[in-house]
Every structure is written in structure tokens, then in C-alpha cells.
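Trainee: Here it is, the structure, as C-alpha cells.
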Ligand SMILES: Nc1ncnc2c1ncn2[C@@H]1O[C@H](COP(=O)(O)OP(=O)(O)OP(=O)(O)O)[C@@H](O)[C@H]1O
């Protein structure tokens, strides 16, 4: 296995008659040998372009890409020993599953027919494709096609494995299963892997580290816990987390030059401390006692929406002072009803302050 280094990589697309598009501005990243890094960001932030530059399918405008210390610039895709499993599978329809998997290996040469067959069977066994080795892609489900694309990408024992939205076409049950298998396989085989996804659950659950991108720029690189618990800026705070972090104005004062500030607090870090019935209602991680007999807490408001997801509940509360809405995660089966007045308490060490002018975090 090799490490992958992206050193100030930049990509500008120039199309005649149109202004140039800077798809990737200045991308620095070191992916350690055997590590799985997820590129996460909204549509158009430059994830696929980054992946395509690593694969050699797109030229770089500036910077360098090195695998195991060797620059990839100027090397054709076939010479890079980088395996790619694309979102759209890119399987060869006339070929069987076995031939699709072994295609790259055969093209490279050097293995006997028997060794090839053994390699394909071993991989098919690990990835759960053994029973469909003789089938054609047209007869496969989306999940099976995605596995074949993955098997083909790793058959040639690449230095780096690139996965483009690997779970996007799967239904929820398949996605969970495939995600676990993918993680197990990646750990077992120890491939240095870069995964592209716009699905944060996929990135946070699969990756050792996540790169959050926006507008061609890297906003934060960190472990899933780091980007969730310690977001570098307003963009990361809003983008990572579902339901999204609450952002409240009017609670944090303003910056030295009068810049507006917002307080961020995640739904699970807000507790319903008491409601108009006077009872204490636990919710979120930050349970704090209310004073009872009245509505207190850091802020007060009225419940406008109650959602019950069995394992947890969500309350949308309209704050009395500012009319802003805040989402609160409660335990199973929320005890409140729409129209009720509640007091909410924030877990102090889990609130964040951002400068809305710069988007930066105020620490
Ligand atoms: N061949 C191209 N020519 C011109 N502009 C392009 C080209 N490919 C991508 N772009 C532009 O570069 C930017 C980044 O695109 P890219 O596909 O890398 O984003 P992405 O994050 O992968 O988005 P998605 O999740 O929708 O695939 C976008 O503004 C896109 O329109």
C-alpha cells in the first residue's frame, strides 16, 4: 500500500465563450497508507473533479499528486495503478461478471488463465459475488453491479482505491449492509482509499477522516467526530449533522466591528427543562433541572411541530423572543404537544459561536 499526497492541486476548466470555472482551488491532503478518507460536500463543490484528477482522467492546472512518493502528473490512467469504482458502474455489458472483474488484470498481462481465475474467485468470495460470476451485468441488481465495479477496481491490487458515490443507487437496507461490508473489506485488504459522497452519513460512518469541501475549497479535514463536534466554520457546522445545527441570532452579541454573531447548538444538545404543566421534561444530552411551576431555561418558546421517530423525537419550537425556530431532539416518544410552552436549556460546552460576516468560528 502507498500513501497519497495532494499538494496544492488546482483545476480550472476553460470552455470557449464562457468564463473559466475554478472547480478545485488549492487542495492539500495527505492520505496515509491504508486510510479511508471521504470527500464530502454539496453538489458542484469539486469532489468528482478531485477524484478524476487522482485517477488521471482530468489534467491538473497546478500542484502535484504523488502516490508512494511518485508524481502521477503526466502518467496515463492505466499507468497509475489506481482502482476506480464509478457511481455509474461502467461495466462492460457483453462480458460476464468474472470477465468484468478480471478485465484490467488481463489487459495488464503476466498472470496465467488459472491464476486469473483464482484471483477472481477469491475476490468474488469476499465480496459475495460467487454465485453470479457467469451472469451478465444486465441481469444484476444495482447492489450487485456496484459490487462488481468494486471487485474490478480492487482486482488489480491498486496502490490507491477511488470510490465515487459507492452506495448511491442502493435502497436503505442494501446501503447499510454494503456500507458495513465495504468498511470490513477496506480494513481487511488495507487499501488507501478516497471516497466521494454527498451523503454525510456515508462519509461519517465509513471514513477515518473526512474532507469537507465547498466551492472548490477545503473547509475542514478531520475525523468524523472532529468535524461534527468541533466544526471549523459556519459552513461545516451547517452542512454536517442531520437534523442540522440550530443557528440562533440575538443571543451572542456582536463582534468588535459590530459583526453579527450566531449561536449554534445541535438538536441533541438542547434540553426541554420544563413545560407549562410545570413538570421537568428531559430531552437531549444536556438535561438540566428546571425550577418547576413555570417556564424557564435559557430560552422559552412554543412547540409548533412534534415528530416521533420511535427511537427519538424531534420538537420544533418557536422562540418567544425572536420567533426563530429551533429543533430539539428528545428521547423516544416526545412528551410535548403542539401549542405547549416550553423552556429550553443549552448544554453550555456544546454551543458554538460564529461570525456571520466571515463565517468563521469565534472561540
Ligand atoms: N468538464 C467540465 N467543464 C466545465 N466545468 C466543469 C466540468 N466538470 C465539472 N465542472 C464544474 O466544476 C465544478 C465542480 O464539479 P464537480 O463535478 O467536481 O463537483 P461535485 O462536487 O462532484 O458535484 P456532484 O456531487 O454534483 O457530482 C462545478 O461547478 C462544475 O460545473
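Trainee: Return a yes/no flag: does the range 86-106 have any residue that is within 27 Å of the chain's Cα centre (by Cα) and either outside the structural domain of residue 221 (by TED's automatic domain parsing) or on the phi > 0 side of the Ramachandran plot (or both).
Mentor: yes
Trainee: I'm trying to understand the selection: among the residues of the range 35-55, which are at positive phi and at pLDDT 95 or above?
Mentor: Within the range 35-55, 46 is the sole residue that qualifies.
Trainee: Give me a count of the residues in the range 314-363 that are closer than 24 Å to residue 225 by Cβ and at pLDDT below 90.
Mentor: The qualifying residues number 5.
Trainee: Then there's this: Go through (1) away from the ligand (no atom under 16 Å from the Cβ); (2) more than 22 Å from residue 107 (Cβ to Cβ); (3) in a loop (DSSP other than H, G, I, E, B) one by one and return the number of the condition residue 59 breaks.
Mentor: (1)
Trainee: Pick out the one residue from 179, 175, 156, 183 that is under 24 Å from residue 116 (Cα atoms) and either within 16 Å of the chain's Cα centre (by Cα) or touching a residue at least 12 places away in the same chain (Cβ under 8 Å) (or both). Reasoning before the result, please.
Mentor: On the way: 179 fails: under 24 Å from residue 116 (Cα atoms); 175 fails: under 24 Å from residue 116 (Cα atoms); 183 fails: under 24 Å from residue 116 (Cα atoms).
156 is the lone residue from the list that is under 24 Å from residue 116 (Cα atoms) and either within 16 Å of the chain's Cα centre (by Cα) or touching a residue at least 12 places away in the same chain (Cβ under 8 Å) (or both).
Trainee: Among the residues of the range 336-351, which ones are within 13 Å of residue 264 (Cβ to Cβ) and surrounded by 22 or more Cβ atoms within 10 Å (Cβ to Cβ)?
Mentor: Within the range 336-351, just 346 meets the criteria.
Trainee: Further question: Got a sec? Which of 63, 83 is touching a residue at least 24 places away in the same chain (Cβ under 8 Å), within 14 Å of residue 194 (Cα to Cα) and in contact with a strand residue (DSSP E or B) (Cβ under 6 Å, 6 or more places away or on another chain)?
Mentor: Of 63, 83, the one residue that is touching a residue at least 24 places away in the same chain (Cβ under 8 Å), within 14 Å of residue 194 (Cα to Cα) and in contact with a strand residue (DSSP E or B) (Cβ under 6 Å, 6 or more places away or on another chain) is 83.
Trainee: Take residues that are at pLDDT below 85, assigned by TED's automatic domain parsing to the domain that holds residue 49 and surrounded by fewer than 17 Cβ atoms within 10 Å (Cβ to Cβ) and tell me which of the helices (runs of 4 or more DSSP H) falling wholly in the range 127-211 contain 1 or more. Let's see the steps before the verdict.
Mentor: Values: elements: 142-155, 172-189, 200-206.
Ranges flagged: 142-155, 172-189.
Trainee: How many residues are in a strand (DSSP E or B) and away from the ligand (no atom under 12 Å from the Cβ) when one looks only at the range 11-52?
Mentor: Count: 8.
Trainee: Taking the range 17-49 on its own, how many of its residues are under 12 Å from residue 211 (Cβ atoms) and loosely packed, with under 15 Cβ neighbours inside 10 Å?
Mentor: 2
Trainee: OK, next. Scanning the range 83-113 for residues that are assigned to a strand (DSSP E or B) and at pLDDT 90 or above, which turns out nearest to residue 163 (Cα to Cα)?
Mentor: So the residue we want is 84.
Trainee: So, one more: What number of residues within the range 190-212 satisfy the criterion of being over 20 Å from residue 55 (Cα atoms) and out of contact with any strand residue (DSSP E or B) (no Cβ under 7 Å at 6 or more places or on another chain)?
Mentor: The number of residues fulfilling the criteria is 4.
Trainee: Would you mention how many residues in the range 62-71 are crowded, with 20+ Cβ neighbours inside 10 Å and either more than 23 Å from the chain's Cα centre (by Cα) or within 15 Å of the ligand (Cβ to nearest atom) (or both)?
Mentor: 1
Trainee: Take the conditions under 19 Å from residue 264 (Cα atoms) and either in a loop (DSSP other than H, G, I, E, B) or out of contact with any strand residue (DSSP E or B) (no Cβ under 6 Å at 6 or more places or on another chain) (or both) and apply them to residue 357. Does it pass?
Mentor: So residue 357 fits the description; yes.
Trainee: Continuing with the same structure: When you go through (1) crowded, with 21+ Cβ neighbours inside 10 Å; (2) modelled with pLDDT of 95 or more; (3) in contact with a helix residue (DSSP H, G or I) (Cβ under 8 Å, 6 or more places away or on another chain) one by one for residue 59, which number turns out not to apply?
Mentor: With respect to (1) crowded, with 21+ Cβ neighbours inside 10 Å; (2) modelled with pLDDT of 95 or more; (3) in contact with a helix residue (DSSP H, G or I) (Cβ under 8 Å, 6 or more places away or on another chain), residue 59 is out only on (1).
The values are calculated or read from the model by the stated rules, or taken from the named source; none is laboratory data. This is a predicted model, so every value here is computed, not measured. A quick note on method: Cβ atoms are made from the backbone with ideal geometry, for glycine too, and the neighbour counts reach across all protein chains shown.
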